[in-house]
1. Under a plain spin-label model, where a point goes 7 Å from the Cα along Cα-to-Cβ, how far apart in nm are residue 296 and residue 73?
2. Taking the mean number of other Cβ atoms within 10 Å as a proxy for protection, how do you rank 227-237, 63-73 from highest to lowest?
3. So between residue 178 and residue 146, what do we pick up on full extension, going 0.36 nm a residue minus the alpha carbon distance?
4. Any idea how far apart residue 55 and residue 280 come out in nm if each label point goes 7 Å out from Cα toward Cβ?
5. Using packing as a proxy for protection, rank 290-301, 359-370 so that the peptide with the highest average count of other Cβ atoms within 10 Å comes first.
6. Based on other C-beta atoms within 10 Å, arrange 286, 29 from fewest to most.
7. Report Rg/Rh for segment 35-172, rounded to two decimals, where Rg is the Cα radius of gyration and Rh the Kirkwood radius.
8. Shape of segment 29-91 from its Cα gyration tensor (a ≥ b ≥ c, root eigenvalues): rounded if a/c is under 1.5, otherwise prolate when a/b > b/c, or oblate?
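What follows draws every value from the coordinates through simple rules; no lab data is involved. For clarity, every value in this text was computed on a predicted model and none was experimentally measured. Cβ sites come from the backbone with ideal geometry, for glycine too, and all protein chains shown count toward neighbours.
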Ligand code: SAH
Ligand code: SF4
């Protein structure tokens, strides 16, 4: 199913550019990000008979996403004669790493590059009891929330499922978290030995560094719905990375028409970037509010499917000095959440500054007072400790040099080049 373009009147211009894969110069197909069915299809298209395509796809899927293997020659249960056939037609890619940085607090940030030269970022945030990978869904963003550095970029393009899943794969590579090499794959091969079963069990046990994923990097994930859904389905597949949907959170600025589909078709935890409780302020700082207002947004949150009350919706609230941080704002937030009967948690995010930002962060006392009011009403309202600020890895600080050139600019550059060639 493809998502229709979603026009928003006014000054923003969301154009979810259709693109499933980034074509490679060598003509080979990158399997990264493909589902098992998609791998069956590309194998069948490359003339494997249906039975063989199905079996090979199952094996290859497991090697790619469960073992982290990038070389067909390492797939020990695939015949030696078959391996060169695969290598000639397919690759198992990773995003190119342009730069890797580490913060003094342990947060890590990677600057990544797509095959067609666009830069985007991912961030890993280690905590005592979990490790969270913050994944990007777009290069740039069509929306322009006033406090967000990514919002000052134009949308360059949507990331493909391969570029989204590729971030998770790369993080696993960097953290050294693939199960030991060798052995056959569980559940498929009759020759599976006991030692291999033990490896599989160890791997699914706790103790991994990367335990959670948040779609909170660059971009608005619900404006790249199909690719984000397809990518997360691969990430959740039990034969591969096998991350539980309970450990995945998708954050949206409030693309109301896509929220129901997010619940039905992806089923992950939802975080909503609320940030203000009045139309006037939210219109200013989260401009998509002019299209989908607070009531509509909270109505969509109330309808978001939940298997139980324990799956609360997270409301993100950036603390901006003298803008949205008064005690009256806190009380109105409580009133709204109660009115819509939302099992909610509020994340108070101290504003992370960036050069030229038009806001300042609220004072610690103000944030504390805001938090106390929400907490006193029985709603959890933790104050987020900023992570990775020293390497510009904190919420809202991500921005890359990639800018999409307009048609006119590209034409002008082409003319200049032509003129220079004489
Ligand atoms: N586009 C999605 C997800 C990415 S942003 C969204 O807007 O929800 C992840 C979170 O960081 C959002 O809640 C966003 O509003 C917040 N954020 C953006 N800029 C920030 C800043 N400068 N300081 C603190 N939080 C910020
Ligand atoms: Fe885009 Fe989210 Fe930043 Fe708003 S906060 S500009 S939706 S990335």
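1. 5.6 nm
2. Working: 227-237: 23.2, 63-73: 19.4.
Result, highest mean Cβ count within 10 Å first: 227-237, 63-73.
3. Extending this stretch completely gives an extra 7.5 nm.
4. With each label placed 7 Å out from Cα toward Cβ, I get 7.1 nm.
5. On the way: 290-301: 18.5, 359-370: 16.4.
Going from most to least packed, we get 290-301, 359-370.
6. Values: 286 26, 29 18.
With the sparsest Cβ surroundings first, the list reads 29, 286.
7. Values: Rg = 18.2 Å, Rh = 17.2 Å.
Looking at segment 35-172, the ratio lands at 1.06.
8. Working: a/c = 1.38, a/b = 1.12, b/c = 1.23.
Because its axes are fairly even, with a/c under 1.5, segment 29-91 counts as rounded.
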